[in-house]
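K.L.:
Submitted below is the structure of interest, expressed as structure tokens.
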Amino acid sequence: MLIAGFPAGAWGTNCYLVAPAAGEECVIIDPGHQATAGVEETLRKHRLKPVAVILTHGHIDHVASVVPVCGAHDVPAWIHPADRYMMSDPEKALGRSIGMPLMGELTVGEPDDLRELTDGAELKLAGLDLTVSHAPGHTKGSVTFNMPESGDVPPVFFSGDLLFAGSVGRSDLPGGDPAELLGSLARVCLPLSDPTVVLSGHGAQTTIGHERATNPYMRQVAAGQGAAPAPRRGM
């Protein structure tokens with residue numbers, strides 16, 4: 001298994017390229033602000049051929065490079081329908097007025113082939129098996145991607161802006177909801193096994209076991225407690 005990730009742009013959003021091995025097909029997860037150069041460099045370095053872009057949610061820091069990446073390689077992108085509007089209207093997702101400057105001039109819009117993700121969908125792309133879980137709270141259309149254990153490789157969980165090392169995604173932007181976020185943590189994250197590797201939208205790698213033991217929000221939902229405060233991580 002090959003997972004090559006790098007933080008991109010002003011928000012340091014993690015973009016991941018995932019393949020069975022070097023020299024094979026891959027999927028690209030969350031090519032955000034200023035991610036295009038990093039994507040191309042990683043493709044060349046590992047001799048990868050992209051077959052799809054998949055998106056954990058629609059915030060501009062996760063989708064800003066979708067159009068150029070998909071256009072350069074003639075591949076589709078996948079997003080949950082509840083976040084699809086953000087592709088063409090990122091200001092609305094951030095509570096801004098149309099026309100206000102957003103990190104300078106950004107190319108926004110949908111790629112030529114945009115497909116919709118559904119809860120529980122099994123994506124078979126580039127020789128990979130990825131399970132989609134709808135996980136609202138950060139946005140209405142947030143999703144996660146889970147890959148099962150394979151040989152000596154533990155399960156891998158691409159958590160987007162749901163779960164971070166030591167924290168969770170903010171829920172104070174339009175479409176965010178702290179109660180939904182807690183519900184997603186309980187439904188999507190708590191059942192995962194302790195060795196599961198968590199690769200999030202921002203920050204460092206962690207594991208479910210570590211977060212279960214130390215993350216205050218995971219401990220809160222495990223104890224069945226109420227609404228979470230609004231953390232300030234990610235967009």
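Computed from the coordinates by the stated procedures, all read-outs in this text should not be read as laboratory data. A quick note: this is a predicted structure, and the numbers were derived from the prediction, not measured. Cβ: placed from backbone, ideal geometry, glycine included. Neighbour counts: every protein chain shown.
K.L.:
So which residue, out of Tyr85, Tyr217, Tyr16, gets the largest mean-square fluctuation from a GNM of the chain using Cα contacts under 10 Å as springs?
P.N.:
Tyr85
K.L.:
Rounded to the nearest 0.05, what FRET efficiency do His73 and Arg219 give with R0 = 35 Å and r taken as the Cβ-Cβ distance? Could you check?
P.N.:
FRET efficiency, His73 to Arg219: 0.25.
K.L.:
Per 0.36 nm of contour for each residue apart, how much would the distance between His210 and Ala37 grow if the chain were fully extended, relative to their Cα-Cα spacing?
P.N.:
59.0 nm
K.L.:
Let me ask you something else. When the chain is treated as a GNM, springs tying every alpha-carbon pair under 10 Å, which of Leu43, Leu117, Leu55 comes out with the largest mean-square fluctuation?
P.N.:
In this elastic network of the chain, the residue with the biggest mean-square fluctuation among Leu43, Leu117, Leu55 is Leu43.
K.L.:
What is the magnitude of the charge dipole of the chain about its Cα centre, with +1 placed on the Cβ of each Lys and Arg, -1 on the Cβ of each Asp and Glu, and no other charges, expressed in debye to the nearest 20?
P.N.:
500
K.L.:
Viscosity 0.692 mPa s, temperature 37 °C: give me the Stokes-Einstein translational D for segment 135-213 in µm²/s, with Rh taken as the Kirkwood radius over C-alpha pairs.
P.N.:
Once the numbers are plugged in, D ends up at 263 µm²/s.
K.L.:
Additional query: How would you classify segment 123-166 from its alpha-carbon gyration tensor, with a ≥ b ≥ c the square roots of the eigenvalues: rounded for a/c under 1.5, else prolate if a/b is greater than b/c, otherwise oblate?
P.N.:
It comes out oblate by the Cα gyration axes.
K.L.:
OK, next. Points 7 angstrom from Cα along the Cβ direction at Ser150 and Ala22: gap in nanometres?
P.N.:
1.7
K.L.:
Take every DSSP beta bridge whose two residues both sit in the chain, then give the antiparallel share in percent to the nearest 5.
P.N.:
So the antiparallel bridges amount to about 65 percent of the total.
K.L.:
Follow-up question, since we're still on this one. Going by a ≥ b ≥ c, the root eigenvalues of the Cα gyration tensor, does the chain fall in the rounded group (a/c under 1.5), the prolate group (a/b larger than b/c) or the oblate group? Don't skip to the end; give the middle numbers.
P.N.:
Working: a/c = 1.74, a/b = 1.11, b/c = 1.57.
In terms of gyration-tensor shape, oblate.
K.L.:
Can you compute the FRET efficiency between Ser88 and Ser193 using 1/(1 + (r/R0)^6), with r the Cβ-Cβ distance and R0 = 41 Å? Round to the nearest 0.05.
P.N.:
It comes out at approximately 0.60.
K.L.:
Within the set of other residues whose C-beta is less than 15 Å from the C-beta of Val143, count the net charge using Lys and Arg as +1 and Asp and Glu as -1.
P.N.:
Local charge sum for Val143: -3.
K.L.:
Let me ask something additional. Can you compute the modelled spin-label distance between Thr118 and Phe6, with each label point 7 Å from Cα toward Cβ, in nm?
P.N.:
Output for this residue pair reads 3.6 nm.
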